[in-house]
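Before any comments, here is the structure.
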Amino acid sequence: MKKRSIPYLVFIGTFLISTLAKAQQDPQFTHYMYNMSGINPGYATDNPGVINGGGLYRTQWVGAVGAPKTATAFVHSPIAKRVELGLSIVSDVIGDVVHENNIYADAAYVIPVSANNKLSFGLKAGVTLFDVDFNGFQYTDTPPDEAFSENVNKTFPNIGAGAFYFSDRYYLGLSAPNLLTTKHLETKNGVKATGVEEIHYFFTGGYVFDLTTSTKFKPAFMAKAVTGAPLSMDLTANFLFNDKFELGAGYRVDDAVSGLVAFTISPSIRIGYSYDYTLSNLSKYNSGSHEIFLLFDLDTSSLSSKGYDKSPRFF
């Protein structure tokens, strides 16, 4: 069996200690505006006859020992008037030691507020599969710290809720994708090694401005709050050219700056990439973070065969 080095223990130990302090736990995304299904079950496009899907992969803090890797996937579509159903998956891996997979069914109900504006309420329901594997570690102490002496393999039920107010030009979202707090590690032999999944709250928004007939300006933001940690704030400014090519920059307050790019391959397929440069002290130990995404729209209606073009998908 491949032996894992002490730096892995240091990183995982830091992770466990951070859970004791109730710090940020949910994975973060730079292309959050294209990954709404993962954080807000109220997210809806309300495009009858269209199946929306996509995926995102993020490798964070490249070069750091035990750096996190995150993958998400989602698919959703209206199934009846005002009703939209979907499936979302978020998989998070830390150093090949901590594996967490969140699998949810999503349901949203869309209410027309005016001729152009809609309000959607959504629920998530599913499970969290949590696994910690310390096999193969070399320990400096005998016996090892109780926090690292036993593997963990547990399944937790979970639910989430969210609201999404939108038109074809802007959106505002408020959500808590994980409403049930769960204990990952228990206290043993007087040693507190408890990891608690805290409730995370997300507030998101974005707007599309027409600068010229061929250029659009798309500012967006995401605020993330959790008990015991500072507010996390992402600010992003993208420019869309000819509805084909997107270029932008982002700033995660006191954490990172980002460059973003996206391409519309066809009317139904979009791909994108972002790079984060770390601004905190962690910049000494990594070369940045990379993220890629893929979005697709599958039109199952007969409208497309009649020359009907649906509204552009800006978010």
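Determine whether Ala220 is out of contact with any Leu (no Cβ under 7 Å at 6 or more places or on another chain), touching a residue at least 40 places away in the same chain (Cβ under 8 Å) and either outside any strand (DSSP E or B) or polar (S, T, N, Q) (or both). Spelling it out, it is not the case that Ala220 is out of contact with any Leu (no Cβ under 7 Å at 6 or more places or on another chain), touching a residue at least 40 places away in the same chain (Cβ under 8 Å) and either outside any strand (DSSP E or B) or polar (S, T, N, Q) (or both). The C-beta contact set for segment 239-254 (first residue basic (Lys, Arg), second residue in a strand (DSSP E or B), distance under 6 angstrom, 6+ apart or interchain) comprises Lys244/Thr264; Arg252/Asp234. Taken over segment 240-264, the criterion of being surrounded by fewer than 15 Cβ atoms within 10 Å (Cβ to Cβ) and over 19 Å from the mean Cα position of the chain (by Cα) is satisfied by Phe241, Asn242, Asp243, Lys244, Phe245, Leu247, Asp254, Phe263. I'm checking my understanding of the structure. Among residues of segment 45-62 that are among the hydroxyl-bearing types (Ser, Thr, Tyr) and surrounded by fewer than 18 Cβ atoms within 10 Å (Cβ to Cβ), which one is farthest from Asp168 (Cα to Cα)? Ranking the qualifying residues of segment 45-62, first place goes to Thr59. For first residues located in segment 48-70 and within 27 Å of Val97 (Cα to Cα) and free of Cβ contacts under 8 Å to residues at least 40 places away in the same chain, partners that are β-branched (Val, Ile, Thr) and surrounded by fewer than 18 Cβ atoms within 10 Å (Cβ to Cβ) and lie 6+ apart or on another chain with Cβ distances below 9 Å form the pairs Lys69/Thr59. Give the residue that is surrounded by the most Cβ atoms within 10 Å (Cβ to Cβ), with candidates limited to residues of segment 63-93 that are within 27 Å of Asn135 (Cα to Cα) and in contact with a Gly (Cβ under 6 Å, 6 or more places away or on another chain). So, considering only residues that are within 27 Å of Asn135 (Cα to Cα) and in contact with a Gly (Cβ under 6 Å, 6 or more places away or on another chain), the one surrounded by the most Cβ atoms within 10 Å (Cβ to Cβ) is Val90.
So is Leu85 more than 17 Å from the chain's Cα centre (by Cα), part of a strand (DSSP E or B) and modelled with pLDDT of 95 or more or not? Considered against the rule, which asks whether it is more than 17 Å from the chain's Cα centre (by Cα), part of a strand (DSSP E or B) and modelled with pLDDT of 95 or more, Leu85 comes out as yes. Given the structure, is Pro219 within 14 Å of Tyr34 (Cα to Cα), of a type outside the set (Asp, Glu) and modelled with pLDDT of 90 or more? When the stated conditions are applied, Pro219 passes them. Residues considered: Ala73, Ala125, Ala105. Of these, the only one that is modelled with pLDDT of 95 or more, of a type in the set (Gly, Ala, Ser), assigned to a strand (DSSP E or B) and in contact with a Leu (Cβ under 7 Å, 6 or more places away or on another chain) is Ala105.
Does at least one position in segment 257-278 carry a residue that is part of a loop (DSSP other than H, G, I, E, B) and touching a Ser or Thr at 6+ places or on another chain (Cβ under 8 Å)? No.
Applying the selection to segment 30-69, what residues are touching a Leu at 6+ places or on another chain (Cβ under 7 Å), more than 21 Å from Tyr285 (Cβ to Cβ) and assigned to a loop (DSSP other than H, G, I, E, B)? The answer is His31, Asn35, Pro41, Gly49. Taken over segment 170-200, the residue count meeting the criterion of being surrounded by 17 or more Cβ atoms within 10 Å (Cβ to Cβ) and modelled with pLDDT of 55 or more is 11.
The values are calculated or read from the model by the stated rules, or taken from the named source; none is laboratory data. Keep in mind that this is a model prediction, so the values were computed, not measured. In this analysis, Cβ positions are derived from the backbone assuming ideal geometry, glycine residues included, and neighbour counts consider all displayed protein chains.
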